Amino acid sequence: MANIFTAFFNRFLKGLFRKKKHVKLGLYGPPNGGKTTLANKICQDWLGEDMGIVSNVAHETREIQIKEQISIKNEQGKELTFNLVDTPGIATKIDYEDFLKAGIPEKEAKIRAKEATKGIIDSIKWLDEMDTVIIVLDATLDPYSQVNITLIGNLAAREIPVLIAANKVDLKKANIKRIQSAFPQYEVIGLSAKYGTNMDDFYDALFKFAS
């Protein structure tokens, strides 16, 4: 069954990239999974600049961030252009007390919690704009605790192609096979956005669907 899903996914995504000149590529996933770190790495590799601020505090990204017309090339000379969309971390519950624990004053913590809640709502709404979604997961953590069922349901309902980036493979506790077992219907690429590990494999995955 997994092979059937993979074959369908590959055919769908190949057709998608052929038809669209500028694909909207959305980064989704839990807080602190490494979405903005990956977005920054992509932008550094191809634009020479960062996209957003990275922080150890969850929900640092609370608004949709967009970097337009990123063009990447492979060794065969093929070029792929897309608009990269970095979204706030998806969570089922946001408590301002979590910000307090990070040393943020109460007034600011409540503001951040409100902004983060709005960011999650906006992220789900933006699914209508996405051509492809990359779910960025922390490879050291249980995948089931990171992926929101509502997000998966929305992606399936919209028939949006999904690629999973198993981030933080530089850490000893990283377990890519656990993520692959949890989501056999999706292709999983192990990488470290922080150190650039396996980024070539990540880019190759995008070009494989475009060829």
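Could you compute the FRET efficiency for Lys78 and Asp128, with r as their C-beta to C-beta distance and R0 at 22 Å, rounded to 0.05? Given R0 = 22 Å and the Cβ-Cβ separation, E is 0.15. The alpha carbon convex hull volume per residue for the range 165-211 rounds to 60 Å³.
Share of Cα-Cα pairs in the range 98-179 beyond 19 Å, in percent? Working shown, then result.
Working: 1816 of 3321 pairs.
Percentage above 19 Å: 55.
The 3J(HN,Hα) values that the Karplus relation (6.51, -1.76, 1.60; θ = phi - 60°) gives for the range 111-118 are, in residue order, 5, 4, 4, 5, 5, 5, 4, 5 Hz. Gly and Pro appear as x. Counted by Cβ distance under 14 Å from Leu171, the other residues give a net charge of +3, where Lys and Arg count +1 and Asp and Glu count -1. Assuming 0.36 nm per residue, please report the length gained on full extension of the stretch Asp201 to Gln185 beyond their Cα-Cα distance. Fully extending the segment from Asp201 to Gln185 adds 3.9 nm. The aspartates and glutamates within cross-link reach of Lys172, meaning a Cα-to-Cα straight distance under 16 Å and a gap of 8 or more places when in the same chain, are Asp138, Asp142. Cβ-Cβ distance of Glu108 and Ile64, R₀ of 25 Å, FRET efficiency by 1/(1 + (r/R0)^6): the value works out to about 0.75.
Less than 15 Å Cβ to Cβ from Ala182, Lys/Arg counted +1 and Asp/Glu -1: what total charge do the surrounding residues give?
Numbers: positive: Lys177, Arg178; negative: Asp138, Asp142, Glu187.
Once all neighbours under 15 Å are counted, the net charge is -1.
Computed from phi, the 3J(HN,Hα) profile of the range 131-142 under the Karplus parametrisation 6.51, -1.76, 1.60 (θ = phi - 60°) reads 8, 8, 10, 9, 8, 9, 10, 7, 5, 8, 10, 4 Hz, with x in place of Gly and Pro. Summary of packing: across the peptides 27-33, 128-134, the per-residue average of other C-beta atoms within 10 Å ranks them, highest first, as 27-33, 128-134.
Computed from the coordinates by the stated procedures, all read-outs in this text should not be read as laboratory data. Only a predicted model underlies this, so the values are computations on that prediction, with no experimental measurement involved. With ideal geometry, Cβ positions are generated from the backbone for all residues, glycine too; neighbour counts draw on all protein chains shown.
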